[in-house]
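Notes for the one structure printed next.
The values are calculated or read from the model by the stated rules, or taken from the named source; none is laboratory data. Nothing here was measured: the structure is a model prediction, and the numbers come from that model. Counting neighbours? That spans all protein chains shown, and the Cβs are built from the backbone with ideal geometry, glycine included. The area values use the complete protein model at the heavy-atom level, side chains included, leaving out ligands, DNA and RNA. Shrake-Rupley method; radii C 1.70, N 1.55, O 1.52, S 1.80 Å.
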Amino acid sequence: MSKYIFLYRGPATPMSDFTAEQQAEQMEAWGAWIGRLGPSLADVGNPFGARASLADDGTSPAPGDLNGYSIVEADSLDGAKALADKHPFLTEGKGRFSVEVFELVPM
């Protein structure tokens with residue numbers, strides 16, 4: 001069994017900008033996804049806050065649109081990708097949001 005990190009990319013709206021009803025809907029969607037994963041979810045993760053970017057030439061380019069992460073456990077990359085089924089970050093259907101999946105390789 002390997003660990004995989006899900007990186008959430010897209011123009012996400014901060015929870016503080018949602019109405020109470022929208023916040024409740026988001027929390028319900030995330031709760032349903034978390035419940036479906038059960039023990040495959042190694043770390044529910046966190047959203048990202050303040051950000052900066054540093055380049056190897058000493059500049060500070062604009063940071064990307066990564067919004068958070070989760071860590072799952074699966075037998076393969078395809079198995080990890082399958083765990084993103086019905087993920088709340090992938091519900092808009094316009095191609096603006098993605099979940100990038102990377103295997104975490106032991107050092």
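Here segment 1-25 is the region considered, the condition is being part of a helix (DSSP H, G or I) and either at pLDDT 90 or above or touching a helix residue (DSSP H, G or I) at 6+ places or on another chain (Cβ under 7 Å) (or both), and the residue that is most open to solvent (accessible area, probe 1.4 Å) is GLU21. If you check VAL99 against the conditions, is it touching a residue at least 60 places away in the same chain (Cβ under 8 Å) and either out of contact with any Cys (no Cβ under 9 Å at 6 or more places or on another chain) or more than 20 Å from SER2 (Cα to Cα) (or both)? Yes; evaluated as a whole, the condition is true for this residue. Scanning segment 36-57 for any residue that is surrounded by 15 or more Cβ atoms within 10 Å (Cβ to Cβ), touching a helix residue (DSSP H, G or I) at 6+ places or on another chain (Cβ under 8 Å), of a type outside the set (S, T, N, Q) and closer than 20 Å to GLU103 by Cβ turns up at least one such residue. The number of residues in segment 66-98 being open to solvent by 40 Å² or more (accessible area, probe 1.4 Å), in a helix (DSSP H, G or I) and within 23 Å of GLY35 (Cβ to Cβ) comes to 4. Set side by side, the residues PRO63, PRO106 differ, and just one is part of a loop (DSSP other than H, G, I, E, B) and within 15 Å of TYR4 (Cα to Cα), which is PRO106.
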